[in-house]
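Read-outs throughout are calculated quantities, based only on the coordinates presented, and are distinct from any laboratory measurement. Just so it is clear, the structure is predicted and the values come from calculations on it, not from any experiment. Cβ placement follows ideal geometry from the backbone for every residue including glycine, while neighbour counts extend to all protein chains displayed.
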Amino acid sequence: MSKNISRRDFLKLATAGAATTAVLTGCGPASRYVVREPYMEMPEYTYNGLSTYYATTCRECAAGCGLIVRTMQGRAIKVEGNASNPVNLGKTCARGQATLHGLYNPDRVEKPTKQGRSATLTNDPVLWDDALQIVADALNNTKLSEIAFLLGTAPDHLFDLVSDLASAIGAPAPVRFGALSMFDSRATLSKASENILGQAGLPFFDLANADVVLSFGANFLETWLSPVAYTRGFAKMRRGNPKRRGHFIQFESRMSQTAAKADEWIPLLPGTEGLVALALGRLVAEAKGGAIPRAFASVNVDEVVTRSGVSLEQLEHIAALVAQAQAPLAIPGGQALGQSNGLQTAEAVIALNALTENLGKPGGVFLSPLAPNEDAYHRPASAQEMTDFIAKMKNGGVKVLFVHGVNPVFELPKSFGFDEALGSVPLVISFATFPDETALASDYIFPDHHGLESWGYQRPATGTMQPMLSGAQPVVVPSFDTRATADVLIAAAQLAGGKLAEALPFKDEVDFIQGKLASLVGQADGSFSAPEINTFTAYFQQHGGWWRNSQEETAPSAASALGKSLHLDAAEFAGEGEFFFLPFVSPTLGEAGANKPWLQELPDPTTTVMWNTWLEMNPETAHELHIENDDVVRIVSEAGEVEAPVYLYPAIRPDVVAMPFGQGHTAYGRFAAGRGSNPADVLGLHFNEAGDLAFAGMKVKIEPTGRTQPLSRLESRIGVYGEGLGEEH
Amino acid sequence: MVRKIIEWVISPMGRIAALITALSLFSLAAYGIYQTQQPPEQPIEFTHKLHVGLGIQCLYCHPGALRGPSPGLPTQNKCWGCHQQIAKTFESEKLAVLVEHIQNNEPIKWVPVAQVPDFVHFTHRPHIAAGLNCENCHGDMTQVEIAENPQVMNMGWCLTCHKARAGDDEEKLIKLTDCGTCHY
């Protein structure tokens, strides 16, 4: 050819050529490059090339959501929710999805280890036979009152095993605790339920059928109690009914992810939530006409307006909404309960439901049913009870401490002194799966399997009105030389002999679990039925649990609720600083997600910050203090201090600063250690009347440090008000 | 510009060039398609001829055929169950590969042969339930050395048999030839 090809024509030809090539190369079966790897010994129901799905329970928090885990050639590849499980009905949260990152985490404890309270994981191996002997000797040679078990929040089969063991031999009952139960203020909810509704336990708030929802601090779309169940309920409230869309009002001093979904977000003064509830109660009672119940008779609405900062118009508008609603639901939680007056606040809010007769009916408040084989509600320890436990440790009242499923050195505020108290316990044995702070501070680590490698069952404390047990089974063969803690305790008890062996006369963990399920075999109205225990267990595994088909409608009585005069003490705040400090559980990390890169990479829903801790500060406040985005500041309370970079967040009160909880680890693997800071470090020993930590009851000083640390954010660096454009102050 | 190209192609030089290009493309395509129809190389030269000839049933190693989509492959233990008792296992060079895999606890990376594209949802179960034998589609395995397909398993071949099995039954014919039966 004598003429040159133009650029355009060249591109046309090249593209045509490329397209032709692409089409032609697709002509052969690509599957010939696939390889099938059968196992050495494959279960009969597994076929090569096909995924096998197992039903199990998520162990990332205590909610007890059911999972279906997809495995391929022996490896777990995807987590989805179990559509039949009444708690989550097929949905999962981010932490549930990321549980695979725990299973295949590079920093798992791979074998029983003689840790010797060293600063790093020693990897000094111990044979399992020796480990069992150590546990047996510890149980045998210690005075029974000086043996202590510290377990995680979830009331699972291990809790039942240890409870049975403890009561059989006369040792103290196991103590359950976790950061989530601390920030959920479960003891407060239970006590308020007892005082107002007549029965201790976690109330269940039927969001799905409510038409007006007032949440006083409860972050039910994030980590509160049973987030997946409540998120589903919220979705149903909004879009489940074609004739009506529920109205949602959130009272919170910062705009959390939950508040961001509200129709109205009321940033009231921290500690005045209960007052606002009482004022609303009075206004609603007035709007409805008739006598004002004693509960709301003594409140002065104008005073509430002044103290809380909520205008009278707003209060009257909300009261009008509530008075006209068919199922107005008031939910207490979060920072409202983490105050010195938290119990009174919870009572006031629950009484609001009693006032509108929204108890025990769709869209109202119920009492969470007990699990089918549960005798009574056993709640996790309150923060106050943990201080008693720690005092016992300090006084030498604990000679052997077993820790499983909780990381108190990190999860408890430093002011509790758990770390120091460990020094007074001669033998600390951890069953941790990961090298977290508490595991490293132990004498031995006898690692448990990961949740996805474990048998068991769990009782969801709330989230559904159907009494249920959520079942767990291994979805993969355990990768490392770990052993189920229940198996370790059973084997050690057999080794120890005597009363211990009698207390746990089981072959292994599965034998124990089957024994516990036996009482369900004959029960009517179940999700499945079976003639005897072996068939029952097979179905239990296949379905991922057993639940009653019909809901247990325990309607709490309203009579006593309104009869007593409710009164609210002013919230007390500790410390001299000018800012209210609000720690909140990171909605992406939860209490234990910092070692999972998926969660670290997940942008925080309101700030989009990843891989770090930040301090949320109102831009006006920051402007006054000459603080800009990414400036590292020191947060000083009377209990301690911590540093974090600042994130200018307009949706927070100017007198409040907030910090997510979840980072600030000093151990726990390569993704978590040395990253961010822990807001629990500035929390002091202040409790509400129910014994829960007044975690939102601290006032702090903010001091600039002169350093900056850029936060990695998904959003634009320009910021909401153009702060990042570099405007002058 | 297109006109220029056409003019050149019509010229004698162009015609020869076009012919050469066409021939080479054709042979390339033919070779490519030929390649794709060759049985793939397997990690162990397992001969069906010997094993089926000994009387081992298809479903012994491929149990999933009875129950669902994928017939499955034998696990290491299934092979080793017999082979550990056979003296030749430890003498033969070909079987040394098997021994190595077993001793190192490694999976044998079999390459699947009777594959259909992903958009075809083929299940064995209804075919066995209809009374077909394995050799109807997979051929007489007593004659097959390394696993290969006796014929191309394309849609035309499937439909031929489907139509034949339906016979006069109109409802069955519709069910067996509907697109959604296999391409759902």
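Worth a mention:
- Applying 0.36 nm per residue to the separation of residue B:154 and residue B:142 and subtracting their alpha-carbon distance, the gain on full extension is 2.0 nm.
- Think of each Lys and Arg Cβ as +1 and each Asp and Glu Cβ as -1; about the Cα centre, that makes the dipole of segment A:182-367 roughly 620 debye.
- Modelled label positions at residue B:132 and residue A:516, each set 7 Å beyond Cα in the direction of Cβ, lie 4.9 nm from each other.
- Phi angles of segment A:104-117 translate, via the Karplus equation with coefficients 6.51, -1.76, 1.60 and θ = phi - 60°, into HN-Hα couplings of 9, 6, x, 10, 5, 7, 8, 7, x, 10, 8, 8, x, 6 Hz per residue; Gly and Pro are given as x.
- For residue A:212, distant residues with modelled amide H under 5 Å away: A:247, A:327, A:329
- Electrostatic bookkeeping for residue A:211 treats Lys and Arg as +1 and Asp and Glu as -1; over the other residues with beta carbon under 15 Å from its beta carbon, the sum is +3.
- Net charge over other residues, Cβ less than 12 angstrom from the Cβ of residue A:508 (K, R count +1; D, E count -1): -1
- The 3J(HN,Hα) values that the Karplus relation (6.51, -1.76, 1.60; θ = phi - 60°) gives for segment A:367-380 are, in residue order, 9, 4, x, 6, 5, x, 10, 9, 8, 7, 6, 10, 8, x Hz. Gly and Pro appear as x.
- For segment A:182-367, the alpha carbon positions stretch 38, 38, 32 Å along the principal axes, listed from largest to smallest.
- Shielding by partners, peptide B:21-33 (average Cβ within 10 angstrom, other chains): 1
- Fully extending the segment from residue A:45 to residue A:129 would add 26.9 nm, taking 0.36 nm per residue of separation and subtracting the current Cα-Cα distance.
- Multiplying the residue separation of residue A:168 and residue A:287 by 0.36 nm and subtracting their alpha-carbon distance yields 37.1 nm.
- Taking label positions 7 Å along the Cα-Cβ direction at both residue A:306 and residue B:96, the computed distance is 9.7 nm, reported to one decimal.
- Where only alpha carbons of segment A:52-103 are counted, the Rg and the Dmax (Å): 10.1, 30
- Charge tally around residue A:480: other residues with Cβ under 12 Å, Lys/Arg +1 each, Asp/Glu -1 each, net -2.
- Global form of segment A:579-725, assessed from the alpha-carbon gyration tensor, a/c cut-off 1.5: oblate
- Kirkwood Rh and Cα Rg combined as Rg/Rh, chain A: 1.01
- Taking the square roots of five times each eigenvalue of the Cα gyration tensor of segment A:220-302, the equivalent ellipsoid has semi-axes of 27, 18, 11 Å, listed largest first.
- Computed FRET value (nearest 0.05) for residue B:114 with residue B:57, which takes r as the C-beta separation and R₀ as 25 Å: 0.90
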